[in-house]
Amino acid sequence: MTTDPVLRIENLSIDYLAESTVHAVREVSLTLRRGEILGLAGESGCGKSTLAYGITRLLKPPASITGGRVVFSSREGYDIDLSSLGGEDLRAFRWDKIAMVFQGAMNSLNPVLRIAEQLEDVFLTHRPEMSRTERRRRCGELLERVGVDRDRLRAYPHELSGGMRQRVMIAMALALEPQVLIMDEPTTALDVVVQREILHEITRLRSDLGFAVVFITHDLPLLLEISDRIAVMRAGLIVELDDALTLYTQPKHPYTRRLLSSFPSLTGERGGFVRNGVPGDDIALEETEQTVEAAVAEEMEAR
């Protein structure tokens with residue numbers, strides 16, 4: 001991992017425009033470093049998936065980006081403002097530079113097509129110059145890279161386990177060797193053993209290929225294990241951002257402390273675990289704003 005940015009999210013705001021406008025993402029700013037695993041944690045409904053769809057320009061009405069921008073920094077040394085892309089340019093950019101593994105991805109495969117056909121479709125769309133032999137060879141390599149035997153190319157999705165289907169979706173996202181991989185709860189609905197295998201594959205592939213990862217989940221202990229840095233999201237805001245060890249040992253925001261205390265310890269006496277409630281969005285927003293104001297005041301005083 002380096003300190004060079006590969007993706008910059010600058011004051012991004014996303015609203016759901018309805019009778020009562022919902023401010024799902026509120027002026028979020030994040031920088032993803034090249035080769036880094038950046039964890040994004042928060043409860044369901046806090047805006048994590050909306051942020052992911054906003055980064056990749058996959059939002060559909062009534063969702064709309066109302067402010068800010070997302071800038072991609074290529075290895076070749078040029079920047080791309082994603083808001084400037086449209087049509088074929090945007091279509092070519094996705095999967096090639098930024099790919100996404102969607103929530104519930106293992107159920108996203110077409111049930112009536114073999115795995116080979118679905119993997120080859122990526123190359124038919126984005127690499128039309130490749131021959132059929134090259135496509136099939138590349139598909140076999142992709143499966144083996146994520147720990148699936150290439151013989152499974154002839155299988156239908158229902159013939160694979162949930163973990164295998166998830167690995168196929170990861171292979172599909174990595175087909176064009178993107179520089180950024182966004183993973184929206186990729187281990188949801190998998191048992192803990194398969195989760196462990198998937199996480200091992202993700203960290204191994206990151207080390208081998210050098211791509212950066214935005215890993216989205218509500219499971220903070222999982223992120224503490226695999227992430228370089230973690231951003232905690234609450235009510236559409238990033239309330240805390242720090243390296244994984246510091247966030248675990250010295251959490252600054254009350255919501256982060258509540259998240260950490262909501263998981264029972266594996267050691268100590270039984271029966272000592274007490275579930276603590278978490279305030280609703282309005283209270284959370286007020287609490288967040290007060291924390292931010294206090295941090296700014298403390299920094300100004302230090303100067």
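Read the figures in this text as sums done on the coordinates, not as results from a lab. On a predicted model such as this, the values are computed, not experimentally measured, just so you know. Note that we place each Cβ from the backbone using ideal geometry, even for glycine, and neighbour counts take in every protein chain shown.
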**Request:** Express the relative contact order of the chain as a whole percentage, based on alpha carbon pairs under 8 Å and six or more residues apart in sequence.
**Result:** 23
**Request:** Starting with the fewest neighbours, write out F263, F215, F93 ranked by other beta-carbon atoms found within 10 Å of each beta-carbon.
**Result:** F263, F93, F215
**Prompt:** Want the number for E27 to I80: 0.36 nm per residue separation, take away the alpha-carbon distance, what's left?
**Reply:** 17.1 nm
**Item:** Spin-label model distance (nm) - R258 vs E129, 7 Å beyond Cα toward Cβ
**Value:** 5.5
**Prompt:** Once the piece of chain linking D96 and L58 is laid out straight, how much longer is it, given 0.36 nm per residue of separation minus the C-alpha distance between them?
**Reply:** 12.2 nm
**Request:** Set the Förster radius R0 to 22 Å, insert the Cβ-Cβ distance between D208 and T3 as r into 1/(1 + (r/R0)^6), and round the FRET efficiency to 0.05.
**Result:** 0.55
**Item:** Inter-label distance, nm, simple model (7 Å from Cα along the C-beta direction), V192/D151
**Value:** 3.2
**Prompt:** Which of F72, Q118, F102 sits farthest toward the positive end of the charge dipole of region 55-132, with +1 on the Cβ of Lys and Arg and -1 on the Cβ of Asp and Glu?
**Reply:** F102
**Asked** L40's amide H: which non-local residues (gap 5+, or another chain) put their own amide H closer than 5 Å, with H modeled 1.01 Å from N in plane and none for Pro or chain starts?
**Response** F215, I216, T217, A231
**Message:** How far apart, in nanometres, would the label points at N11 and L224 be if each is projected 7 angstrom from Cα along the Cα-to-Cβ direction?
**Reply:** 3.5
**Request:** Arrange the following residues from fewest to most other Cβ atoms within 10 Å of their Cβ: H158, H23.
**Result:** H158, H23
**Complete:** Candidates T21, T217, T187; GNM for the chain (alpha-carbon contacts under 10 Å) flags as most fluctuating T21
**Message:** Can you compute the FRET efficiency between E43 and T246 using 1/(1 + (r/R0)^6), with r the Cβ-Cβ distance and R0 = 30 Å? Round to the nearest 0.05.
**Reply:** 0.90
**Prompt:** Using θ = phi - 60° and the Karplus form 6.51 cos²θ - 1.76 cosθ + 1.60, what ³J(HN,Hα) does each residue of region 93-98 get, whole Hz, x for Gly and Pro?
**Reply:** 5, 5, 6, 7, 9, 10
**Request:** Using θ = phi - 60° and the Karplus relation 6.51 cos²θ - 1.76 cosθ + 1.60, list the HN-Hα couplings for region 186-192 in order, rounded to whole Hz, with x at every Gly or Pro.
**Result:** x, 10, 4, 6, 9, 5, 5
**Asked** With θ set to phi - 60° and the Karplus curve 6.51 cos²θ - 1.76 cosθ + 1.60, what are the ³J(HN,Hα) couplings of region 112-120 in order, to the nearest whole Hz, using x for Gly and Pro?
**Response** 9, 10, 5, 4, 4, 5, 6, 6, 5
**Request:** Report the charge-dipole magnitude of the chain in Debye, nearest 20, computed about the Cα centre from +1 at each Lys and Arg Cβ and -1 at each Asp and Glu Cβ.
**Result:** 1100
**Message:** Using amide H atoms built in the peptide plane, which far-off residues or other-chain residues are under 5 Å from R34 H to H?
**Reply:** T2, D4, V6
**Prompt:** Taking Cα atoms of the chain, Rg/Rh with Kirkwood Rh, to two decimals?
**Reply:** 0.99
